[in-house]
Structures are given as C-alpha cells and as structure tokens.
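The values are calculated or read from the model by the stated rules, or taken from the named source; none is laboratory data. Predicted model only: the values in this text are computed from it and were never measured. Cβ placement follows ideal geometry from the backbone for every residue including glycine, while neighbour counts extend to all protein chains displayed.
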Amino acid sequence: MAEKITINIKEQQGRLDAILAKEDIPYSRTVLADWIQDGTVLVNQKKVKRSYKVVSGDTVTLTPPEVQNTAIVAEDIPLSIVYEDNDLIVVNKPQGMVVHPAAGHTSGTLVNALLYHAPLSTINGEFRPGIVHRIDRDTSGLLMVAKNDEAHQALSAQLKDHKNQRIYYALVRGEFTEESGTINAPIARHKVDRKKQAVQSGGREAITHFEVLKRYVGYTLLKVQLETGRTHQIRVHMTYIGHPVVGDPVYGSAQKLPGVNLEGQLLHAKTLSLIQPKTHEELTFNSPLPAYFEAALDTLTPII
C-alpha cells in the first residue's frame, strides 16, 4: 500500500485542489481531484470539497488507494521508441493516437501499446500507467514514460520544477512582426464549453515562449518552448494572440491549407530533455517533423 501523505497547513492559502497541485506529490491534479471527491483526501479527518479554502492549522491527509490490476488490454501496436532504459521510455507519438484510455475509449491508445512492450509505473491511476505528461491526440512528437514508480516520481518532480526542456514546432496563421516573445496568460477550463480551455483571470499560471523560424505568406513557422504545461497550452495561447495553429479543429476553426488534407493541428513536440532518474545524466532527444508537416510547408510561399 502506498504511504500516507500528511501536509500541515501553515502559510499556504487557497483552494485545497490548488494547494495540493503546488505540493511535491507524485500524482496528477486530475487524480487528486477525484480523490478529494471520494474521500481519499481528508482535511482534519473530514471529507471536504475541492473548493475548500485551507486555513492555518489544517491537517491534510492523503491515503492513496490500493493499486488495482489494470483492466487495460496490452495491444501489439507498433511504437516509435527513441530511447529506453530500465527506468523510462521516450516515444515519438504519431498524430491521431490518444495517449491513454478513458471511459468509452479503452483500446488503440499509446498506453495499450506500451503495456505490451514493457511494465509501467502504477502511481498515476488505473488508466494512466507510466504517463508522466501528455500531448494531445492530434499533436505528434516526443513523450517520456516511466517504467517504475521511483522514476515516475523523479520525472514528475522535474516537470514541476521546470527542469525539462520541451520544444514544439507550430505552423500558425498570420505573419509575425516580432522575432520572438513570451505569452504569460493564465489558463482555466472554459466557462461555457467544458471540453475547452481558455485564457481567464484566476486561471493557472501559463507561460509560453516563441521564436520565429520561418515566415511564409499568410503563415509563420514557430519554435515554441513551454515553461508551464497546461492542457492545450500552446493551442490556447496562439489563438489568444490571434495566431491559431493551422489545422486546429477546436481553437482555430479547423484552419486549413489550400489543397492540403490535414488530420489535425500542425503542432509537433520536437525536442525533449530530461534527467535520468538513477544516473542523473542529462538526456536530450529530437524528432524530425512528420512527412505531412513537411509537405504542408512545401505548399507555402516563403517570405525572403
């Protein structure tokens, strides 16, 4: 059974779910929110809501439930593995593949494929074994996966402390006048469409850095570096500044290119750096742009 976690509230202020997200706890915010709901997380030995505002003197206890044998079926699905050792896997996820199963969608995901290939960490819930961070279904590129709980905790801590480098290439609509910039705008769930995220006052801090790589007539190829990792962060931030990612069906009104059949947004997780949990070696990985991304660029007219 996982060890009980106790947090004594002293100077921390705010909602319980937000406080837990800031603590060094190796579980995702979504998992913690579910646990608050079912009473796995207690305040002063009492069940409370996620919105409970902590006060000085509160004692928060988290008792992780016993890990159940996963019902997810391991599937022999081809994987593009960039790196693997005893602790982790770095995989190049294709566009169109969902990262992990969810209700009503339990097969054909990256997790199904990974379970066939190797054992995975168990601390992030039944449907997300090994998953330290995610990229969207229609975003391609590099993803790190933990093979054991110790590695998962270490990699999660690196993400939280901004010790990883995550660089994306994105083709966006419109022409930039600046060479580089930073978008610092908080993100929260959309107030009307709960499947979307949006820039909103009071949301979670979200910081995105961008640099112009190449200019085209009507479009710009950007190198984008995440400082934080909010859901749909790049897509939301690019739309917020008026340059939606091309092909984004949710935030960009499915921006299309003339004569090009896009399956989703032109967004690729190109570079990933991490620190190996056991050896502490700094590792950096790169993946080339997918053929469909290169083909789309070839249809554009460069600005010299």
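Taken over region 131-171, the residue count meeting the criterion of being closer than 16 Å to GLN276 by Cβ and assigned to a loop (DSSP other than H, G, I, E, B) is 6. ASP136 fulfils the conditions (1) surrounded by fewer than 16 Cβ atoms within 10 Å (Cβ to Cβ); (2) in contact (Cβ under 8 Å) with a residue 60 or more places away in the chain; (3) not small (Gly, Ala, Ser) except for a single criterion, (1). Total residues in region 199-218 satisfying the condition of being over 22 Å from ALA269 (Cβ atoms) and of a type in the set (Val, Ile, Thr): the figure is 1.
Put simply, of THR271, THR231 the only residue that is under 30 Å from LYS22 (Cβ atoms) and at pLDDT below 90 is THR231. Among the strands (runs of 3 or more DSSP E) lying completely within region 172-220, list those that include at least 1 residues that are in contact with a Phe, Trp or Tyr (Cβ under 7 Å, 6 or more places away or on another chain) and not acidic (Asp, Glu). In region 172-220, 180-184, 197-199, 207-216 are the strands (runs of 3 or more DSSP E) which contain 1 or more residues that are in contact with a Phe, Trp or Tyr (Cβ under 7 Å, 6 or more places away or on another chain) and not acidic (Asp, Glu). Exactly one residue out of VAL260, VAL192, VAL250, VAL172 is at pLDDT 95 or above, at negative phi and not basic (Lys, Arg), and it is VAL172.
Here is a check on your reading of the model: is THR301 of a type in the set (S, T, N, Q) and under 17 Å from the mean Cα position of the chain (by Cα)?
no
Regarding ILE131, is this residue in contact (Cβ under 8 Å) with a residue 40 or more places away in the chain and β-branched (Val, Ile, Thr)? No.
Matching residues to (1) in a strand (DSSP E or B); (2) in contact with a His (Cβ under 6 Å, 6 or more places away or on another chain); (3) at pLDDT 85 or above; (4) among the aliphatic types (A, V, I, L, M):
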site	(1), (2), (3), (4)
GLN68	no, no, no, no
ALA71	no, no, no, yes
ASP76	no, no, yes, no
TYR83	yes, no, yes, no
ASN86	no, no, yes, no
VAL90	yes, no, yes, yes
HIS100	no, no, no, no
SER107	no, no, no, no
VAL111	no, yes, yes, yes
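Restricting attention to region 250-287, the residues that are surrounded by 15 or more Cβ atoms within 10 Å (Cβ to Cβ), small (Gly, Ala, Ser) and assigned to a loop (DSSP other than H, G, I, E, B) total 3. Taking the criterion of being over 23 Å from LEU272 (Cα atoms) and surrounded by fewer than 17 Cβ atoms within 10 Å (Cβ to Cβ), the only residue of region 218-240 that qualifies is GLY218. Look at region 10-25: where a residue is in the same structural domain as ALA151 (by TED's automatic domain parsing), no partner that is assigned to a loop (DSSP other than H, G, I, E, B) and crowded, with 16+ Cβ neighbours inside 10 Å sits 6+ places away or on another chain with Cβ atoms under 6 Å. The residues in region 230-249 that are of a type in the set (S, T, N, Q) and part of a helix (DSSP H, G or I) can be counted, and the count is 2.
Report whether or not TYR240 is of a type in the set (Ser, Thr, Tyr) and farther than 20 Å from ALA296 by Cα. Yes. In this structure, PRO277 does satisfy being over 15 Å from GLN95 (Cβ atoms) and in contact with a helix residue (DSSP H, G or I) (Cβ under 6 Å, 6 or more places away or on another chain). Any chance you could count how many residues in region 155-180 are within 25 Å of PRO244 (Cα to Cα), buried (at least 21 other Cβ atoms within 10 Å of the Cβ) and aliphatic (A, V, I, L, M)? Residues flagged as within 25 Å of PRO244 (Cα to Cα), buried (at least 21 other Cβ atoms within 10 Å of the Cβ) and aliphatic (A, V, I, L, M) within region 155-180 amount to 3.
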